[in-house]
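Notes follow once the structure below has been shown.
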Amino acid sequence: MRSSSVIPNHCQRGHLYVDLGAIRANVLTLDRLFKAQGSSTEEGSIYAVVKSDAYGHGAVAVAQALTDMDEVCGFAVATAEEAFELRENGIKKPLLVMGHVFPYAYERMINEEIAVLLFGDDILEALHDLGVRLGKVALAHVEVDTGMSRLGIGADEQGLLFMRKASGFSHIRIEGIFTHFAQADEVDQEFTRRQYREFVAFADRVESELQMKIRYRHAGNSAAVLAGVEMLLSFTRPGIGIYGIVPSAAVQERMEAKLEPALSFVSQIVMLKDSRSGTPISYGSTFVTEKETLVATVPIGYGDGYPRCNNGGEVLVRGKRVPIIGRICMDFMMLDVTGIEDVAVGDRVTLLGEDKGERITIEDWSRQSGRYHYELICDLNQRIPRLFGIGGGL
Ligand SMILES: *Cc1c(COP(=O)(O)O)cnc(C)c1O
């Protein structure tokens with residue numbers, strides 16, 4: 001790479017660059033939007049979702065970069081191990097596991113003050129018994145199912161019975177009650193509003209009929225915040241938006257705020273070859289050159305999480321969009337760089353991100369592969385190293 005002197009050796013084949021400044025800026029934007037709906041909290045309004053390694057961005061680095069922000073009141077993950085990793089790396093803020101936790105993890109969660117998602121009698125009893133044994137209080141948030149049919153208690157009489165039962169356990173502190181939206185990323189917000197109303201009505205009943213004081217009410221993913229869904233709650237739980245990615249085209253239409261994509265993915269050209277017309281390229285020979293073609297080989301493939309697509313997709317070389325030709329391999333891809341002036345081995349290849357005003361977005365990846373953009377970033381795997389910084393990449 002032209003600037004290879006500053007790129008660590010293990011990153012030369014390719015690396016992800018995560019702009020932590022962009023992530024902080026997006027948190028500020030989401031906090032402002034959420035508060036504009038009328039919620040007033042003394043604490044921060046953003047419970048930052050950093051599950052699945054912060055959507056591929058690196059959970060520890062992202063949490064470390066956000067933890068000093070007043071706008072961030074805690075971090076949410078999907079598994080106990082994800083929460084443990086954050087504690088091991090010095091994250092002291094509240095942590096919530098929004099997934100189902102198996103009993104083996106309860107003891108460590110209680111000891112490390114990590115909140116458990118509560119939705120059934122088994123969890124209640126096991127948590128309480130452990131709490132008694134350890135002489136500690138287990139933290140919990142109750143999920144109320146208002147339309148996802150995934151986890152959670154019903155927003156009904158049975159749900160109320162559960163809450164009544166839960167309120168009697170001395171070694172469990174229910175700190176939060178929440179719900180999760182199923183359609184916030186769609187054009188029609190009616191279903192989301194209905195979920196919200198049902199949730200609030202249920203939380204109100206818990207408070208008035210059971211005299212239970214639950215400190216936090218929360219709902220909302222990035223889509224709900226960005227689309228301006230009214231939520232008068234303690235805080236909200238955005239994930240994708242923190243990373244500067246818009247949840248859907250419908251949300252993009254509605255939103256006025258701008259998010260900053262945080263992720264770039266760069267590699268370099270390792271081989272250049274003049275190929276005659278009629279040269280087959282890559283597995284299956286699905287692409288055959290129809291003219292004399294300058295072919296560049298890039299040492300990144302689907303083994304790094306780059307989406308495999310047959311003949312399609314573009315990357316940036318010297319600020320120009322160039323096509324990927326032939327099938328993407330596990331460890332390589334080939335480009336047609338014919339006509340790119342001064343192109344050379346060692347030139348930077350931008351697979352995601354910006355180069356000289358041109359930009360490849362995760363939405364481009366989604367279009368070229370027919371896959372969901374959330375899934376694509378989560379797929380960026382551990383083989384590809386991450387570098388972190390503030391501002392543009394190396
Ligand atoms: C993943 C998740 C979120 C964040 O959703 P985004 O669409 O990434 O903003 C919020 N709440 C729950 C329960 C989740 O599982």
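The values are calculated or read from the model by the stated rules, or taken from the named source; none is laboratory data. Given the structure is predicted, the values throughout are model-derived calculations rather than measurements. Neighbour counts run over all protein chains shown; Cβ positions are idealised from the backbone, glycine included.
Would you pick out the residues in segment 218-235 that are polar (S, T, N, Q), assigned to a loop (DSSP other than H, G, I, E, B) and either near the ligand (Cβ under 9 Å from one of its atoms) or outside the structural domain of GLN195 (by TED's automatic domain parsing) (or both)? Full working, then the answer.
Residues of segment 218-235 that are polar (S, T, N, Q), as a first pass: 221-222, 234.
Within this subset, residues satisfying the condition of being assigned to a loop (DSSP other than H, G, I, E, B) are 221, 234.
If the condition is that a residue be polar (S, T, N, Q), assigned to a loop (DSSP other than H, G, I, E, B) and either near the ligand (Cβ under 9 Å from one of its atoms) or outside the structural domain of GLN195 (by TED's automatic domain parsing) (or both), then ASN221 is the only one that fits.
Quick one: count up the residues across segment 98-122 that are away from the ligand (no atom under 16 Å from the Cβ) and either surrounded by fewer than 21 Cβ atoms within 10 Å (Cβ to Cβ) or not in a helix (DSSP H, G or I) (or both).
Final tally of qualifying residues: 12.
What is the number of the single condition among (1) of a type in the set (A, V, I, L, M); (2) part of a helix (DSSP H, G or I); (3) more than 16 Å from the ligand (Cβ to nearest atom) that ALA83 does not meet?
(3)
Looking only at residues in segment 181-204 that are of a type in the set (S, T, N, Q) and out of contact with any helix residue (DSSP H, G or I) (no Cβ under 7 Å at 6 or more places or on another chain), which one is modelled with the highest pLDDT? Show your work before the answer.
Looking only at segment 181-204, we keep the residues that are of a type in the set (S, T, N, Q), and these are 183, 189, 192, 195.
Subset that is out of contact with any helix residue (DSSP H, G or I) (no Cβ under 7 Å at 6 or more places or on another chain): 189, 195.
Values: GLN189: 93, GLN195: 97.
Here the residue is GLN195.
Among (1) more than 13 Å from VAL295 (Cα to Cα); (2) free of Cβ contacts under 8 Å to residues at least 60 places away in the same chain; (3) surrounded by fewer than 16 Cβ atoms within 10 Å (Cβ to Cβ), which single condition is ASP355 missing?
The single condition ASP355 does not satisfy is (3).
Counting only residues that are more than 14 Å from the chain's Cα centre (by Cα) and of a type in the set (Asp, Glu), which one in segment 6-59 is farthest from the ligand (Cβ to nearest atom)?
GLU42
Residue-by-condition table, conditions (1) within 14 Å of the ligand (Cβ to nearest atom); (2) crowded, with 20+ Cβ neighbours inside 10 Å:
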| site | (1), (2) |
| --- | --- |
| ARG237 | yes, yes |
| PRO247 | yes, yes |
| ARG254 | no, no |
| PHE265 | no, yes |
| LYS273 | no, no |
| THR279 | no, no |
| LEU294 | no, no |
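So, GLY284, is that one at pLDDT below 95 and either hydroxyl-bearing (Ser, Thr, Tyr) or in a helix (DSSP H, G or I) (or both) or not? Reasoning before the result, please.
Values: at pLDDT below 95: yes; either hydroxyl-bearing (Ser, Thr, Tyr) or in a helix (DSSP H, G or I) (or both): yes.
The answer is yes for GLY284.
With the checklist (1) modelled with pLDDT under 95; (2) within 22 Å of TYR196 (Cβ to Cβ) in hand, flag the one item SER5 doesn't pass.
(2)
Kindly indicate whether any position in segment 73-96 is buried (at least 17 other Cβ atoms within 10 Å of the Cβ), free of Cβ contacts under 8 Å to residues at least 24 places away in the same chain and under 27 Å from PRO385 (Cβ atoms).
Yes, there is a match, as at least one residue in segment 73-96 is buried (at least 17 other Cβ atoms within 10 Å of the Cβ), free of Cβ contacts under 8 Å to residues at least 24 places away in the same chain and under 27 Å from PRO385 (Cβ atoms).
Confirm whether LEU259 is of a type outside the set (Val, Ile, Thr) and under 33 Å from the mean Cα position of the chain (by Cα).
On the way: of a type outside the set (Val, Ile, Thr): yes; under 33 Å from the mean Cα position of the chain (by Cα): yes.
So LEU259 fits the description; yes.
Give all pairs with beta carbons closer than 9 Å in which a residue from segment 97-109 that is touching a residue at least 40 places away in the same chain (Cβ under 8 Å) meets a residue that is assigned to a helix (DSSP H, G or I) and β-branched (Val, Ile, Thr); count only pairs at least 6 apart in sequence or on separate chains.
HIS100/ILE123
Would you check which residues across segment 236-269 are more than 24 Å from ILE390 (Cα to Cα) and outside any loop (DSSP other than H, G, I, E, B) and list them? Can you show your working first?
First, pick out the residues of segment 236-269 that are more than 24 Å from ILE390 (Cα to Cα): 236, 248-256, 269.
Of everything in segment 236-269, those that are more than 24 Å from ILE390 (Cα to Cα) and outside any loop (DSSP other than H, G, I, E, B) turn out to be THR236, ALA249, ALA250, VAL251, GLN252, GLU253, ARG254.
Given the options VAL101, VAL60, VAL27, name the one that is of a type in the set (A, V, I, L, M), in the same structural domain as ARG173 (by TED's automatic domain parsing) and over 29 Å from GLN268 (Cα atoms). Break it down into steps so the answer makes sense when it comes.
Details: VAL60 fails: over 29 Å from GLN268 (Cα atoms); VAL27 fails: in the same structural domain as ARG173 (by TED's automatic domain parsing).
Answer to the check: VAL101.
What number of residues in segment 154-194 are of a type in the set (Lys, Arg) and closer than 18 Å to GLY228 by Cβ? Show your work before the answer.
Within segment 154-194, the subset of a type in the set (Lys, Arg) is 164-165, 173, 193-194.
Narrowing further to those that are closer than 18 Å to GLY228 by Cβ: 193-194.
Total satisfying the criteria: 2.
Hey, does segment 192-201 have a residue that's in a helix (DSSP H, G or I), away from the ligand (no atom under 16 Å from the Cβ), hydroxyl-bearing (Ser, Thr, Tyr) and surrounded by 19 or more Cβ atoms within 10 Å (Cβ to Cβ)?
no
Say we look at segment 42-70 and pick out the residues that are crowded, with 21+ Cβ neighbours inside 10 Å and in contact with an Asp or Glu (Cβ under 6 Å, 6 or more places away or on another chain); which of these is nearest to ALA223 (Cα to Cα)?
Selected residue: ILE46.
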